[in-house]
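Working notes, beginning with the structure itself.
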Amino acid sequence: MTLDQQLVAYWERQAQRFDRLAAQAQWGWIARGYTRKAERSRAKAEVSRLREAGRKNPKHDPSAESTSDAEPSSGSGDAT
């Protein structure tokens with residue numbers, strides 16, 4: 001079992017726990033806080049899920065994509 005698989009399971013459990021706490025909260029602002037925490041937990045699980053999928057299929061690994069396309073290239077300007 002990889003660390004990413006463990007993280008997916010952990011964050012999904014945390015999201016479920018926060019959902020239960022939100023459902024049991026007596027005040028709306030507390031429930032909304034737990035709901036936001038559950039959403040963040042699911043987002044973190046999704047990051048690990050994508051990394052794990054990239055490990056199994058390296059062609060579609062989002063972390064392997066380079067961001068050099070957004071950088072301007074040197075020497076392409078007008079030198080006059």
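The values are calculated or read from the model by the stated rules, or taken from the named source; none is laboratory data. In this text, all values refer to a predicted model and were calculated from it rather than measured experimentally. Cβ: placed from backbone, ideal geometry, glycine included. Neighbour counts: every protein chain shown. Note: areas computed on protein heavy atoms with side chains; ligands, DNA, RNA excluded. Shrake-Rupley method; radii C 1.70, N 1.55, O 1.52, S 1.80 Å.
Return the pair list, or none, for Cβ contacts closer than 6 Å from residues in the range 10-30 that are in contact (Cβ under 8 Å) with a residue 40 or more places away in the chain and under 25 Å from Glu46 (Cα atoms) to residues that are buried (at least 17 other Cβ atoms within 10 Å of the Cβ) and polar (S, T, N, Q), at least 6 apart or on different chains.
Filtered contacts from the range 10-30: no entries.
Which one is farthest from Gln5 (Cα to Cα) among residues in the range 25-75 that are at pLDDT below 95, outside any helix (DSSP H, G or I) and open to solvent by less than 90 Å² (accessible area, probe 1.4 Å)?
My answer is Gly75.
Return yes or no: is Trp11 open to solvent by 90 Å² or more (accessible area, probe 1.4 Å), at pLDDT 95 or above and either part of a helix (DSSP H, G or I) or of a type in the set (Val, Ile, Thr) (or both)? Step through it out loud before you land on a result.
Values: open to solvent by 90 Å² or more (accessible area, probe 1.4 Å): no; at pLDDT 95 or above: yes; either part of a helix (DSSP H, G or I) or of a type in the set (Val, Ile, Thr) (or both): yes.
The answer is no for Trp11.
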